[in-house]
Amino acid sequence: MKLVALAGGVGAGKFLRGLVRAIPPSDVTVVVNTGDDIELHGLHISPDIDSVTYWLADVADRERGWGRAKETFTAMDKVRELGGQAWFGLGDQDLATHLVRTQWLAEGKPLSEITDRLRRAHEISTPLLPMSDDPVRTWMLEVDDEGMEHYQPFQMYWVGHGGRCHVKEIRFEGADDATPAPGVVEAIADADTILLCPSNPVVSIGPILSVPGIREAIPGRPVIGVSPIVAGAPLAGMADKLMPVAGLEVSAFGAASAYKDLATGFVIDERDEALATRIEGELGMRVAVTDTIMSDDAAAERVARAALELL
Ligand code: FO1
């Protein structure tokens, strides 16, 4: 069975570790969001690609969620001392990833080829693809305490401002002109099933589906989503703040409704069991109910198996 998984950062990383215990790792191709990418210190940082890479390579920091385990921040401490931009924490080992990615981009290599090189360097057998080689950037229209509106890049909203500002609108700049990275549409066409990882439906899966050609390639086969919302709150991140901006209620039902007319099945947490009939009745999806808290790889495997059992 061939699978394609659409992925954001931490939630996707945890889920994919479980998925590759449930099926052969090379049977799944992961298509990753790049809307969160940012250029800082002259470096190209792709947080979601790096999160998925580090989780699959089992070098992710499980407590922090992002970045690498056993990380040090000596360079960042020095940047701070020197008066540079230290609001976005780049670990010393993580910096190596950004240095080589930036160098290869400067040499004209596409992000997809670089992502594949980094995947192989981490000895991951699951193909990883950025959603596009073209720049797509998520911008947030923030409203500050004085009622002034400012566009901010996603990472400035989330890390720089701690996700505190009210968001009025979200844009995926460049998406309309972007094309799917080589292999994305082909992998979807070859896949028996598409999985939507438990990632933020608005700013993680949303940008992937906004690249022309990706959503259009999907219909005609089962599409199984996994809720990133448990008991009305996200397991990680800012989905509770951003789902209402997209007109979605902050619940497993809201997460499922983000994939209305796309997903055929949805996995929800046992704490949300009462929402199953609503998802089935109003959205026409088959629902699986399980404990979706992925505290370790075995728990993540249970969630992945629940998704696969919906097939
Ligand atoms: N998240 C934070 O909350 N603070 C950080 O300083 C931070 C740095 C960072 C560096 C590299 C990286 O790959 C991810 C990083 N993240 C950080 C996570 C990131 O902001 C988001 O969680 C993802 O973009 C959302 O998927």
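The values are calculated or read from the model by the stated rules, or taken from the named source; none is laboratory data. Quick caveat: nothing in here was measured; it's all calculated off a predicted structure. No Cβ is skipped: glycine too gets one built from the backbone with ideal geometry, and neighbour counts run over all protein chains shown. Surface accessibility is based on the protein's heavy atoms, side chains included, excluding ligands, DNA and RNA. Shrake-Rupley method; radii C 1.70, N 1.55, O 1.52, S 1.80 Å.
Compare the Cα positions of V10, G35, A22 along the charge dipole of the stretch 1-42 (+1 at Cβ of Lys, Arg; -1 at Cβ of Asp, Glu; about the Cα centre) and return the one farthest towards the positive end.
A22
If the only charges are +1 at each Lys and Arg Cβ and -1 at each Asp and Glu Cβ, what is the size of the charge dipole of the stretch 104-222 around the Cα centre, to the nearest 20 debye?
360
If the cut-off is 19 Å between C-alpha atoms, which lysines fall inside it for K241, apart from same-chain ones fewer than 8 positions away?
Partners found: K168.
Mean shadow of the chain, computed from the convex hull of its alpha carbons, in nm²?
Averaged projected hull area, Cα only: 15.5 nm².
Need the C-alpha centroid separation for the stretch 241-280 versus the stretch 82-97, integer Å.
Centre-to-centre distance over Cα atoms comes out at 36 Å.
Quickly work out the T277-to-D145 label distance, labels modelled 7 Å from Cα along the C-beta direction, and quote it in nm with one decimal.
Result for the modelled spin labels: 4.6 nm.
Would you kindly find the accessible area of F73, with a 1.4 Å probe and non-protein molecules such as ligands, DNA and RNA excluded, rounding to the nearest 10 Å²?
F73 exposes around 60 Å² with every protein chain in place.
Working from Cα positions, state the angle (0 to 90°, nearest 10) between the long axis of helix 47-56 and the longest principal axis of the chain.
It works out to around 70 degrees.
Dipole magnitude of the chain about its Cα centre, charges +1 at Lys/Arg Cβ and -1 at Asp/Glu Cβ only, in debye to the nearest 20?
520
Mind checking the dipole of the stretch 225-290: about its Cα centre, +1 per Lys or Arg Cβ, -1 per Asp or Glu Cβ, Debye to the nearest 20?
Here the size comes out at about 140 debye.
Send over a whole-number figure in Å² for the accessible area per residue of the chain, probe 1.4 Å.
About 42 Å² of surface per residue is accessible.
What's the angle, to the nearest 10 degrees (0 to 90), between helix 10-22's Cα axis and the longest principal axis of the chain?
50
Among G284, T53, V202, which residue has its Cα positioned farthest towards the positive end of the charge dipole of the chain, with +1 placed on the Cβ of Lys and Arg, -1 on the Cβ of Asp and Glu, and the dipole taken about the Cα centre?
T53
Once phi is turned into ³J(HN,Hα) by the Karplus curve 6.51 cos²θ - 1.76 cosθ + 1.60 with θ = phi - 60°, what whole-Hz value does each residue of the stretch 72-86 show in order, with x for glycine and proline?
Once rounded to whole Hz, the list reads 10, 10, 4, 4, 5, 4, 5, 4, 5, 4, 7, x, x, 7, 10.
Could you tell me the accessible area of D176 in Å² (1.4 Å probe, neighbours in place), rounded to the nearest ten?
130
Work the Kirkwood hydrodynamic radius out for the stretch 9-76: mean of 1/r over every pair of different alpha-carbon atoms, inverted, in Å.
Kirkwood radius, the stretch 9-76: 12.9 Å.
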